[in-house]
């Protein structure tokens with residue numbers, strides 16, 4: 001059965017995309033830790049991140065680096081956190097989100113964001129990406 005990410009990638013359910021290429025996508029998560037929380041996801045359905053081949057891993061990490069730079073500009077913060085949790089969806093993905101302290105990594109208090117808020121955050125990030 002296709003993961004929820006595969007369904008988003010295939011257009012079966014909506015997603016707020018900020019990037020898409022032949023290997024992966026970057027979308028706004030519907031349950032952000034903070035405004036500007038992005039997921040970078042391989043198109044290929046791979047359960048564990050360490051099962052990705054080296055080329056795909058490199059591609060995703062280099063894209064994550066660029067998106068992190070855009071997040072930091074769009075949502076001023078001390079740093080951009082990167083997390084690979086892997087428990088919530090059986091499809092490898094990288095979390096990128098603005099952080100100012102270690103408490104910003106707390107995933108126990110996730111709340112669903114309104115679609116308009118996700119689109120506004122995506123617009124801010126894609127605007128910065130367009131000039132990086």
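Quick rundown of the values:
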| quantity | calculated |
| --- | --- |
| Equivalent ellipsoid semi-axes - Cα gyration tensor, segment 4-81, angstrom | 21, 16, 10 |
| Extension gain, residue 54 back to residue 130 (0.36 nm per residue minus Cα-Cα distance, nm) | 24.7 nm |
| GNM result for the chain, Cα springs below 10 Å: residue of 90, 115, 14 fluctuating most strongly | 14 |
| Relative packing of peptides 30-40, 54-64 - highest average C-beta neighbours within 10 Å first | 30-40, 54-64 |
| Helix-only CD estimate at 222 nm, as mean residue ellipticity for the chain, using -39500 (n - 2.57) per DSSP H run (n ≥ 4) | -10500 deg cm²/dmol |
| Gaussian network model of the chain, Cα within-10 Å springs - most flexible of 70, 109, 92 | 109 |
| Cα convex hull of the chain, projected area averaged across orientations, nm² | 7.8 |
| Distance between modelled label sites at residue 119 and residue 34, nm, 7 Å Cα→Cβ extension | 2.6 |
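None of the figures in this text is laboratory data; all of them are computed from the coordinates on show. Everything quoted here is computed from the prediction, not taken from an experiment. All Cβ positions, even for glycine, are placed from backbone atoms using ideal geometry, and neighbour counts span all protein chains on display.
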